[in-house]
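The values are calculated or read from the model by the stated rules, or taken from the named source; none is laboratory data. The structure presented is a predicted model; accordingly, all values stated were derived computationally and were not measured. Because the Cβ atoms are built from the backbone with ideal geometry, glycine has one as well, and the counts that use them run over all protein chains shown. Keep in mind that these areas ignore ligands, DNA and RNA; they rest on the heavy atoms of the full protein, side chains included. Shrake-Rupley method; radii C 1.70, N 1.55, O 1.52, S 1.80 Å.
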Amino acid sequence: MRISLGPIQYFWPAEKVYDFYEQAKTWPVDIVYLGENVCAKRREIKLDDWLRIAKGLSAAGKHVVLSTMVLLEADSELSRLKRICNNDSYPVEANDLSAVYLLKEVREFVAGPHINMYNTETLELLSHLGAYRWVMPMELSAQILQGLQKNKPDNLETEVFAYGHIPLSFSARCFTARKHNLPKDKCNFLCKQDEQGVALYTQENSKLFNINGIQLQSGIPCNLIAAIEQMRSLKVDVVRLSPQMNNMATVVDMFRKAIDKEITQTEIDLWLAEDSNNSQWCNGYWYGQPGMDWHKQVSG
Amino acid sequence: MVIVDQIPDLVCPAGSLPALRAAVDNGANAVYIGFSNTTNARNFPGLNFDMDEAQQAVDYAHQKNCKVMLALNTYPQSENWPLWTQALQSAADLKLDAVIIADLGLLQYATKHHPELSRHLSVQGSATNQYAIAFYYEQFDIKRVILPRVLSLTQVSNVVEATPIEVEVFGFGSLCVMVEGRCIMSSYVTGESPNTSGVCSPAHAVSWEETPNGRQSRLNNVLIDRYQPNEAAGYPTLCKGRFHTGDDIFYAIEEPTSLNVLEILPKLVNIGVAAIKIEGRQRSPAYIAKVTRIFRTALDAYKASPDSYQPDPAWLQQLQHVSEGCSSTLGALHRPWQ
């Protein structure tokens with residue numbers, strides 16, 4: 001099983017992004033997805049800059065994939081998509097069928113987690129159109145995956161989102177701007193202040209969602225480290241970790257050790273209980289439960 | 001002077017035979033229905049049609065020159081795939097005028113096995129731009145696309161111009177602010193989503209309680225809202241709850257409100273949308289009758305004298321009355337940018 005770093009979901013200052021990928025060169029990850037996937041207004045890092053980052057990561061032995069937007073509306077957004085799809089160095093992750101339209105039969109692509117893939121027929125179609133990997137939609141369970149793995153095309157790799165705040169929805173509205181009482185077109189890029197989004201609490205103070213611009217995420221991060229063995233038996237090829245600004249090296253290290261069987265259940269439990277970033281986790285989707293639930297894995 | 005050759009079809013919801021008759025009798029050009037199972041995105045208890053009722057629906061509507069479409073707009077999973085293919089067979093047997101599909105696999109199956117059935121791309125298919133629409137058109141020869149409620153009027157206009165197929169937009173009803181087909185907030189909290197189970201914030205997960213702090217609504221035990229004694233309480237849909245980020249409690253995602261396009265109806269007609277859809281298969285026959293009648297009247301009024309069209313205050317008042325939170329909005333359509 002390989003490890004991938006998903007695209008950064010937040011609007012980090014460019015310097016922080018460059019720093020992050022400098023560090024990533026030294027981490028035991030195999031694949032790095034690069035690019036903005038959430039808000040078309042976050043354009044501080046241009047395609048050429050992403051390509052420069054990509055080059056550095058490639059030189060460090062990482063496989064780079066350029067990831068693309070989920071919600072595409074304006075013509076300017078489609079032009080940018082086209083430029084990414086036409087790059088001649090790196091494969092592209094399609095997160096909307098507009099990208100599949102541009103990539104099909106031209107070059108191999110990754111069918112990203114925001115393409116709705118719920119059955120074998122859909123996987124066959126995408127594979128036929130040139131997908132070499134699919135990232136399972138967030139809400140599917142291990143049981144559903146098991147059925148899909150049995151009949152999917154042989155040359156189609158499977159990737160599972162295993163760590164981080166789960167992207168739950170996208171809107172034409174910006175919830176960060178709304179929180180600051182600003183209209184979206186005058187948002188002042190306030191989401192740049194939130195390196196990990198803003199927690200949205202119920203009136204009983206439980207974390208329900210996480211606001212990240214036009215995207216809502218799970219209030220608590222997902223962590224499937226305890227399901228690594230099950231993923232191995234389901235022949236999952238790639239485990240996706242979603243970037244966070246702090247302690248990402250530890251996250252990668254823990255998953256690497258779990259995949260390489262160099263860590264005990266006790267050590268995993270200890271990390272889950274004492275991680276300084278997070279006091280709560282969720283993994284419900286994997287176990288066929290509400291996504292926000294935490295299913296305590298039985299050891300082994 | 002503006003001359004209007006063609007006004008858009010009025011497409012109305014029907015969750016039952018009485019609702020279907022209400023839509024047909026009040027001027028719908030087409031009605032859309034679903035079967036009583038997970039194959040459609042209003043899989044609510046007591047709603048929808050079995051085969052006999054669907055036959056009666058088709059007979060009634062066709063007799064009055066109204067089309068009938070079937071919503072097959074959820075995402076089949078491999079284990080229950082036959083339920084969707086059977087629904088397609090039923091649609092073919094009933095000689096329905098169109099099937100409204102979201103799933104790629106099912107669209108492909110329908111194209112191959114039922115080429116004679118018109119295919120419309122459901123709003124759940126999340127096609128928000130011309131390339132995505134081109135993909136569906138090229139692969140599955142879809143006749144019509146129903147646009148998610150996230151586009152501005154200019155963007156709708158650009159899409160209509162750039163695509164060779166019919167474009168349908170929502171005109172009235174509950175408003176999803178999220179891109180349809182790409183929202184799993186409901187399954188995050190309840191385990192069931194529109195894509196997988198045809199439900200958003202399912203009724204079985206809802207509970208109400210009276211407390212000293214007021215009436216409270218919960219979804220799978222998560223507090224969605226708390227109401228003061230004089231406040232009207234709404235259905236606890238996740239995106240319409242009141243939450244906080246540390247200070248004030250507010251509608252952090254969306255106020256309870258309905259979409260209403262009557263004010264910009266001339267613009268929608270002139271940019272060439274082929275159909276205007278009313279949301280709400282879960283609504284009562286009386287509601288369907290009222291909304292259908294008002295939209296029929298408005299469309300006909302605009303056609304008759306485009307230069308003097310003004311939404312009648314009485315229509316707006318009546319619609320306001322049946323709207324969620326008794327208020328309405330143009331949603332993304334009014335956005336000034338792009």
Would you mind counting up the charge near A:ALA14? Only other residues with Cβ under 15 Å from its Cβ, with Lys and Arg at +1 and Asp and Glu at -1. -1
Of the candidates B:LEU107, B:THR154, B:LEU17, the farthest towards the positive dipole end of chain B (Lys/Arg Cβ +1, Asp/Glu Cβ -1, centred on the Cα centre) is B:LEU17
Residues with amide H under 5 Å of A:CYS282's amide H, sequence separation 5 or more or different chain, H placed in the peptide plane at 1.01 Å from N; which? A:CYS222, A:ASN223
Per-residue mean of other chain beta-carbon atoms within 10 angstrom of the beta-carbon, peptide A:64-73? 3
Please work out the ratio of the alpha-carbon Rg of segment A:160-273 to 2.2 N^0.38 Å and round it to two decimals. 1.27
Tell me, what ³J(HN,Hα) does each residue in segment A:233-250 have, in order and in whole Hz, if you take phi through Karplus 6.51 cos²θ - 1.76 cosθ + 1.60 with θ = phi - 60° and put x for Gly and Pro? 5, 8, 6, 6, 8, 9, 10, 9, 10, 8, x, 10, 5, 10, 6, 5, 4, 5
Estimate for me the total accessible surface buried between chains A and B (protein heavy atoms, probe 1.4 Å, no ligands or nucleic acids), in Å² to the nearest 100. 5700
Compute the whole-percent fraction of alpha carbon pairs in segment B:120-211 spaced more than 20 Å apart. 44
Cβ neighbours within 10 Å, averaged per peptide: list B:193-199, A:212-218 in order, most packed at the top. A:212-218, B:193-199
Counting partner chain Cβ atoms within 10 Å of every residue's Cβ in B:128-140, what's the average? 6
Under a 5 Å amide H to amide H cut-off, with H placed in plane at 1.01 Å, what residues pair with A:LEU168 once short-range neighbours are removed? A:LEU216, A:GLN217, A:SER218
If packing is taken as the average count of other Cβ atoms within 10 Å, what order do B:274-287, A:75-88 fall into, highest mean first? B:274-287, A:75-88
Antiparallel bridge percentage (DSSP; both residues within the protein assembly as shown; nearest 5): 35
Per residue of B:102-111, count partner chain C-beta atoms within 10 Å of its C-beta, then hand back the mean as an integer. 5
Whenever you get a sec, compute what percent of the accessible area on segment A:36-179 sits on carbon and sulfur atoms (1.4 Å probe). 45
Under 15 Å, Cβ to Cβ, from B:PRO164 - net charge with Lys/Arg +1 and Asp/Glu -1: -2
Taking the simple approach of a point 7 Å from Cα along Cα-to-Cβ for both B:ASP300 and A:ALA60, what is their distance in nm? 6.9
What is the gain in length, in nm to one decimal, between B:ASP5 and B:ARG215 on full extension, counting 0.36 nm per residue of separation less the C-alpha to C-alpha distance? 70.4 nm
Alpha carbon convex hull of segment B:137-270, volume per residue in cubic angstrom: 152
Tell me the Rg and the Dmax, in Å, that the Cα atoms of segment B:56-189 produce. 15.3, 44
What number, in percent, do you get for the relative contact order of chain A if the mean sequence gap of Cα pairs under 8 Å and at least 6 apart is divided by its residue count? 19
In segment A:1-59, what is the volume of the convex hull around the alpha carbon atoms, normalised per residue and reported in Å³? 78
Along segment A:213-221, Karplus-curve 3J(HN,Hα) (6.51, -1.76, 1.60; θ = phi - 60°) to the nearest Hz, with x for Gly and Pro, reads x, 7, 10, 10, 10, 4, x, 10, x
B:LEU70 long-range amide H proximity, modeled H, under 5 Å: B:ILE33, B:ALA98, B:VAL99, B:ILE100
Measuring from its Cα centre, the protein assembly as shown shows a charge dipole (+1 at each Lys and Arg Cβ, -1 at each Asp and Glu Cβ) which, in debye to the nearest 20, is 540
With each label point set 7 Å from Cα along the Cα-Cβ vector, what nm distance links B:LEU316 and B:LYS112? 5.2
Could you state the orientation-averaged shadow area of the convex hull built on the Cα atoms of the protein assembly as shown, in nm² to one decimal? 27.7
Using every pair of alpha-carbon atoms in segment B:22-102, split the distances into 5 Å bins beginning at 0 and state the percent of pairs per bin, rounded to integers. 3, 16, 27, 25, 17, 7, 3, 1, 0
Mind checking Rg over Rh on segment B:225-317, alpha carbons, Kirkwood formula for Rh? 1.09
Per residue, accessible area of segment B:29-116 with a 1.4 Å probe, heavy atoms of protein chains only, in Å², comes to 40
What list of ³J(HN,Hα) couplings, whole Hz, do you get for segment A:22-28 from phi and the Karplus terms 6.51, -1.76, 1.60, once you set θ to phi - 60° and write x for glycine and proline? 4, 5, 4, 4, 9, 7, x
Return the subset of B:LYS67/B:LYS290; A:LYS192/B:LYS240; B:LYS267/B:LYS303; A:LYS25/A:LYS152; A:LYS179/B:LYS277 for which the Cα-Cα distance in this structure is over 21 Å, preserving the input order. A:LYS192/B:LYS240; A:LYS25/A:LYS152; A:LYS179/B:LYS277
